[in-house]
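The values are calculated or read from the model by the stated rules, or taken from the named source; none is laboratory data. Only a predicted model underlies this, so the values are computations on that prediction, with no experimental measurement involved. Positions of Cβ are generated from backbone atoms using ideal geometry, with glycine treated the same way; all protein chains shown enter the neighbour counts. These accessible areas exclude ligands, DNA and RNA; they are computed on the full protein's heavy atoms, side chains included. Shrake-Rupley method; radii C 1.70, N 1.55, O 1.52, S 1.80 Å.
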Amino acid sequence: MGAAGGWRGPFGFRARRLPRLRGVLGAGLAGGAGTGRAGTGRARVEGMGEDATSVRVDAWIWAVRLAKTRSAAGAACRAGHVRVNGERVKPAHPVRTGDEVRVRQPDRERLVVVSRLLRKRVGAAVAAECFVDNSPPPPPREVTAALPVRDRGTGRPTKRDRREMERLRGR
C-alpha cells in the first residue's frame, strides 16, 4: 500500500486499472447504465416490450394469491393446470382485464375473472378486489375422505392392517 505500489482495489489490482475494467465488471453487476451492455437491472426489464394492458399469467396468479410462489404458478401453467378463456396456456401467456382464468388446485378448481391487473404481490384484501371469484364452493369436510391415523411408534402397517385399510376405503 506504499506510494510505489499504489492502492489495490477489491479485485486485487491497482486502482489505475479500474476505470478500464469498469465497463466489463460493472455491466453485469449493476445494470451498466451507459456501458453499452443490456445488463440485468429491474428498471430495464420492466419496461422492455411489456404492454400496459396485459400481464404474464403466472405473475398474475401469484400476485393475486392463487398460488403460493411464483415458481409454483409457473409449474402449474407448464403442467396444464391453468386455462385462460378455455385454453391451456404457458407461463408467459398475457392476461388482460375480463379474461376468465381457471386454476386447478389439489383440493378444488378456482374459476376467476380478471378485474384488475397486478405485477407485484399485494396484501390479501387488495388481491381479493382484483378478480371476481366464480368458483364452486369447496366440498364439505365430511365428503373428503379422512386419512387413517396410526399411533406414533407402531411402525409400518402389517399385511392385515393394509387389507383392513383398503376395505375401509372401498377398494
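What the table below lists for this structure:
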item	result
Members of the range 129-148 that are surrounded by fewer than 10 Cβ atoms within 10 Å (Cβ to Cβ) and modelled with pLDDT under 85	140, 141, 142, 143, 145, 146, 147
Strands (runs of 3 or more DSSP E) contained entirely in the range 86-171, each with at least 2 residues that are touching a strand residue (DSSP E or B) at 6+ places or on another chain (Cβ under 9 Å), among the polar types (S, T, N, Q) and closer than 30 Å to residue 71 by Cα	none
Out of 107, 151, sole residue that is more than 30 Å from residue 59 (Cβ to Cβ) and of a type in the set (Asp, Glu)	151
Only one of 126, 82, 103 that is in contact with a Leu (Cβ under 7 Å, 6 or more places away or on another chain) and either among the aliphatic types (A, V, I, L, M) or open to solvent by 70 Å² or more (accessible area, probe 1.4 Å) (or both)	103
Selection count, the range 85-100, where residues are under 16 Å from residue 56 (Cβ atoms), open to solvent by less than 60 Å² (accessible area, probe 1.4 Å) and over 17 Å from the mean Cα position of the chain (by Cα)	1
Some residue of the range 45-63 being open to solvent by 30 Å² or more (accessible area, probe 1.4 Å), modelled with pLDDT of 90 or more, under 24 Å from residue 132 (Cβ atoms) and part of a loop (DSSP other than H, G, I, E, B)	no
Residue 12 vs. criteria over 30 Å from residue 137 (Cβ atoms) and modelled with pLDDT of 60 or more	yes
Test for residue 161: is it charged (D, E, K, R), under 14 Å from residue 60 (Cα atoms) and surrounded by 10 or more Cβ atoms within 10 Å (Cβ to Cβ)	no
